[in-house]
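We did not get these values from a lab; they are worked out from the coordinates using the rules stated. Quick caveat, the model's predicted, so the values are computed rather than measured. Positions of Cβ are backbone-derived with ideal geometry, glycine not excepted, and every protein chain shown enters the neighbour counts.
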Amino acid sequence: MITAQQLLVKDVPVLQAHDDPQKALNMMDNAHLVHLPVVESGKFIGLVSEDELLDQETQTDTLAPQLVKVSVLPNVHILDILKVAGERHLSVIPVVDHQDVYLGSITLNHLVEKLNEMQGGTQKGGIIVLEMWAQDYTLQQIARIVEENDGKILSTSIAPGEGGKIELHLKVNLSDLNPIIQSLERFSYHIKASYMEREYNEDLQRRYDELMRFLNI
């Protein structure tokens, strides 16, 4: 299990509440981040964002009025960290203990890289996307079909599909997906999409680049 404690990065700059907003903006620019943690006497007191600092209506001589108190504990699972980052649109997620002692931070960039590893993105293979009703989802049968074609499922994920259905994304360890696809179709599974290794890697890189451009990191 990957937790916040295992995802800490050492090169996230730390600010103090009395720091000048321009100094904070310069540090964000140098670190290619749009958030930075603010720490006083070893304790986390909040996050400051680039948007807040650039808002002339909230511009002050210090950072304190613009801080947002959001952080995670060291034992929080990586998927819960992703949820916090997504809900709050964070480029940095501070990690604290139960006494708000600052332990370090996780960058969204590093978080995405680890999630990619979890989903088998660094291993060779291809992707098959199945669309089905939730009540028809049986991983045991799907895994058996894959294994009968000399394949192994490296990772799975489920996303909402069209018309109330679900999409099951399978990462398998084979580059040639055709035998597996043909077998799945014989069992009446609907193949919504498939990506051979090169196509998958190119699509993954494109999506990653789009995410980074969206976050302006």
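Just a few scattered comments:
- Translational D in µm²/s for segment 113-196 (Stokes-Einstein at 10 °C, 1.306 mPa s, Kirkwood Rh from C-alpha pairs): 123 µm²/s
- Cβ-Cβ FRET estimate between VAL101 and ALA134, R0 fixed at 25 Å, reported to 0.05: 0.05
- ILE153 sits among other residues whose Cβ lies under 12 Å from its own Cβ, and their net charge, with Lys and Arg +1 and Asp and Glu -1, is +2.
- Taking a ≥ b ≥ c as the square roots of the eigenvalues of the Cα gyration tensor, an a/c ratio of 1.5 or more together with a/b larger than b/c marks segment 1-154 as prolate.
- Low-density loop positions, trypsin sites (Lys or Arg not before Pro), segment 67-97 - DSSP coil, at most 16 other Cβ in 10 Å: LYS69
- Taking a straight Cα-Cα cut-off under 29 Å and skipping sequence neighbours fewer than 8 places away in the same chain, the lysines within cross-link reach of LYS192 are LYS83, LYS114, LYS124, LYS152, LYS165, LYS171.
- Summing +1 for each Lys or Arg and -1 for each Asp or Glu among the other residues whose beta-carbon sits under 15 angstrom from that of GLY46 gives -3.
- Where chymotrypsin sites (Phe, Trp or Tyr not before Pro) fall in DSSP loop in segment 135-195, at most 15 other Cβ within 10 Å: TYR137, PHE187
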